[in-house]
Amino acid sequence: MPANKNQIRRIQTILKMMRQNRYPNFTSFIKEMKNQDAAGAYELSSKTFSRDIADLRDEYGAPVHYDASRKGFYLTNTEWYNEDLMVEPFEMKAALLGERVADGIFPEPLRGEISKAISALLMKNESGMAEGVELENFQVLCPENLPKVRPEIFLAAYNAWEQRKYLKLVYRSAKNHVSEKLFEPHIFAWNGGCWYLKGRLHRDDDHHYDPPKIQVLALHRIEKAEMLGDQFWPEPSILKSVKKSGLFDFEKIPEVILEILRPFDQSFSAAFADKITERGDGYIRVVLKDIPKYEAVQIVFSTWGNVRVIAPDKLKDKVCRIAQKMLDNNQ
């Protein structure tokens, strides 16, 4: 068996990519290694990658095959495991902390599955944590009034996303309209305290979309969910748009200029520290670029009235209309 820790680390990375259905080849593997260790990745060659694949298959007995259509390698049995490929202590630390995060945001049954997986790893590996640490003191707390997702809905949506299978849904919109949808779940996302799917909508009741429509669905609004047998292929442009612009395609304001009177919430100062300049008259100036309109409005009202909207005028008008409506409703 190879004893070189660097090779074991590389093999573990290849295995991770295959278990994530990313079909690693030399190019994608190098990109992944650069994310982990830029200094070391540049010295790797295609021969090193080929040798690692060969050792993984021949020395460790991994069921590794090459998919010509995807131009990468995969495991014919994704549950394959070899005890000689032990988890490093720092990796176990990351896994344990990840479990604490999962315990805060994941519903059952996925939360329980993650806990069991970590317990199995701990039986064979060191924790990597400092001696005497109490992980119960590492808490991820979410507001109790967040929308709840039924476990069977979450599991159906998660399985469909993981296996790239179509979802047949019954969905209740924010306007209380109920419809049946045929949907491809490309992105599974936790955003602002709620779980969402983003993907391609093929059918909404009797209306068929050709080409499919890009849509975001909130899991807590799904009333029924059934994973179908047909598989779809990932659409890279959807992930690219989420990474660039976020989950939602909200209208954005190119530049917002606010003047806020001191004192103000210190969390505001921490969040926008690099966007604040002092004015010297008790006000600070905040300049925000490419910000969603709804977020700009929320920021204005979070100052408890101690704000002047300098630009743009359409934001100032929006804030004034909302403020006037609040006054009318509370007289």
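The values are calculated or read from the model by the stated rules, or taken from the named source; none is laboratory data. Keep in mind that this is a model prediction, so the values were computed, not measured. Methodologically, a virtual Cβ is constructed for each residue, glycine included, from the backbone with ideal geometry; neighbour enumeration extends over all protein chains shown.
Filter region 281-302 down to residues that are among the charged types (D, E, K, R) and more than 19 Å from LYS252 (Cα to Cα) and give me whichever is surrounded by the most Cβ atoms within 10 Å (Cβ to Cβ).
ARG285
Which number in (1) among the charged types (D, E, K, R); (2) surrounded by 13 or more Cβ atoms within 10 Å (Cβ to Cβ); (3) out of contact with any Leu (no Cβ under 9 Å at 6 or more places or on another chain) marks the one condition that GLU99 misses?
Among (1) among the charged types (D, E, K, R); (2) surrounded by 13 or more Cβ atoms within 10 Å (Cβ to Cβ); (3) out of contact with any Leu (no Cβ under 9 Å at 6 or more places or on another chain), the lone unmet condition for GLU99 is (3).
Identify, by number, the condition in (1) surrounded by 16 or more Cβ atoms within 10 Å (Cβ to Cβ); (2) farther than 30 Å from ARG111 by Cα; (3) within 24 Å of the chain's Cα centre (by Cα) that LYS213 doesn't meet.
With respect to (1) surrounded by 16 or more Cβ atoms within 10 Å (Cβ to Cβ); (2) farther than 30 Å from ARG111 by Cα; (3) within 24 Å of the chain's Cα centre (by Cα), LYS213 is out only on (1).
Which of the numbered conditions does GLU184 fail, given that it passes all the others? Conditions: (1) at pLDDT 95 or above; (2) under 20 Å from the mean Cα position of the chain (by Cα); (3) surrounded by fewer than 20 Cβ atoms within 10 Å (Cβ to Cβ).
(3) is the only condition that GLU184 fails.
With respect to LYS318, is the statement that it is exposed (fewer than 12 other Cβ atoms within 10 Å of the Cβ) and either in a helix (DSSP H, G or I) or touching a helix residue (DSSP H, G or I) at 6+ places or on another chain (Cβ under 6 Å) (or both) true?
no
Please name all residue pairs, on different chains or six or more residues apart, with Cβ atoms under 9 Å, provided the first residue is in region 226-249 and is more than 23 Å from CYS194 (Cα to Cα) and the second residue is of a type in the set (Ser, Thr, Tyr).
LEU228/TYR166; GLY229/TYR166; ASP230/TYR166; GLN231/TYR166; PHE232/TYR166
Which one of LYS47, LYS71, LYS34 is of a type in the set (D, E, K, R), at pLDDT below 85 and either surrounded by fewer than 18 Cβ atoms within 10 Å (Cβ to Cβ) or touching a strand residue (DSSP E or B) at 6+ places or on another chain (Cβ under 6 Å) (or both)? Before the answer, list the steps.
Details: LYS47 fails: at pLDDT below 85; LYS71 fails: at pLDDT below 85.
Going through LYS47, LYS71, LYS34 in turn, just one is of a type in the set (D, E, K, R), at pLDDT below 85 and either surrounded by fewer than 18 Cβ atoms within 10 Å (Cβ to Cβ) or touching a strand residue (DSSP E or B) at 6+ places or on another chain (Cβ under 6 Å) (or both): LYS34.
Residues checked against (1) surrounded by 16 or more Cβ atoms within 10 Å (Cβ to Cβ); (2) under 30 Å from LEU167 (Cα atoms); (3) within 25 Å of the chain's Cα centre (by Cα); (4) of a type outside the set (Asp, Glu):
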{"residue": "LYS240", "(1), (2), (3), (4)": "no, yes, yes, yes"}
{"residue": "GLU255", "(1), (2), (3), (4)": "no, no, no, no"}
{"residue": "PHE272", "(1), (2), (3), (4)": "yes, no, yes, yes"}
{"residue": "LYS275", "(1), (2), (3), (4)": "no, no, no, yes"}
{"residue": "ARG279", "(1), (2), (3), (4)": "no, no, no, yes"}
{"residue": "TRP304", "(1), (2), (3), (4)": "no, no, no, yes"}
{"residue": "MET326", "(1), (2), (3), (4)": "no, no, no, yes"}
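Look at PHE106 and say whether it is crowded, with 17+ Cβ neighbours inside 10 Å, farther than 15 Å from ALA225 by Cβ and modelled with pLDDT of 85 or more.
When the stated conditions are applied, PHE106 passes them.
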